[in-house]
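Have a look at the structure below, then the notes.
The values are calculated or read from the model by the stated rules, or taken from the named source; none is laboratory data. For clarity, every value in this text was computed on a predicted model and none was experimentally measured. When we count neighbours, we look across all protein chains shown, and the Cβ atoms used for this are built from the backbone with ideal geometry, even at glycine. In case anyone asks, the SASA skips ligands and DNA or RNA and just uses the protein heavy atoms, side chains included. Shrake-Rupley method; radii C 1.70, N 1.55, O 1.52, S 1.80 Å.
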Amino acid sequence: MNRDETIKLLIENEKGLSADEKSKLAEGYDEIYINSRIEYHRRMARKQSMGLILTVFFCLLAFGVLMLGSLADEHTLGWLKGVTTGYFFALLVLFPKTTRNHSRIEYVLKTIKQLYSGINA
């Protein structure tokens, strides 16, 4: 299997790549484009990690509100419920960003870059 077939196979098998990314990568080697996409997916992977941490924190916060519900006065419990509700809606906005595996996409792009640069070097 030669380099072009390998790159084509990587592009076809990576489901997280957008249609634009697939077409640009299939056209040929553009180092600036590949570097920008690697950086983009690296940033998105960090945001995914932060979304996961926030989700765990939300679960702990919601559990705390349930446990403190009987112990807290009405004013404090109202604040806790308000913060929990606001946090829940913020997570609903952030959650769609966590449905793609950006770390894997970044790895595939790095592999394609190495395949291209290995021949060009």
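Restricting Gly51, Gly118 to residues that are loosely packed, with under 12 Cβ neighbours inside 10 Å and among the small types (Gly, Ala, Ser) narrows the list to Gly118. Picking from residues in the stretch 1-23 that are part of a helix (DSSP H, G or I) and either under 21 Å from the mean Cα position of the chain (by Cα) or among the aromatic types (Phe, Trp, Tyr) (or both), the one that is nearest to Met44 (Cα to Cα) is Glu21.
For the stretch 69-82, what are the residues that are open to solvent by 80 Å² or more (accessible area, probe 1.4 Å) and not charged (D, E, K, R)? Correct list: Ser70, Leu71, His75, Trp79. Taking the criterion of being more than 14 Å from Ile105 (Cβ to Cβ), out of contact with any helix residue (DSSP H, G or I) (no Cβ under 8 Å at 6 or more places or on another chain) and open to solvent by 70 Å² or more (accessible area, probe 1.4 Å), the residues of the stretch 13-34 that qualify are Glu27, Ile32.
Among all residues of the stretch 37-58, there is at least one that is without any contact (Cβ under 8 Å) to a residue 60 or more places away in the chain, within 19 Å of Gln114 (Cβ to Cβ) and in a helix (DSSP H, G or I).
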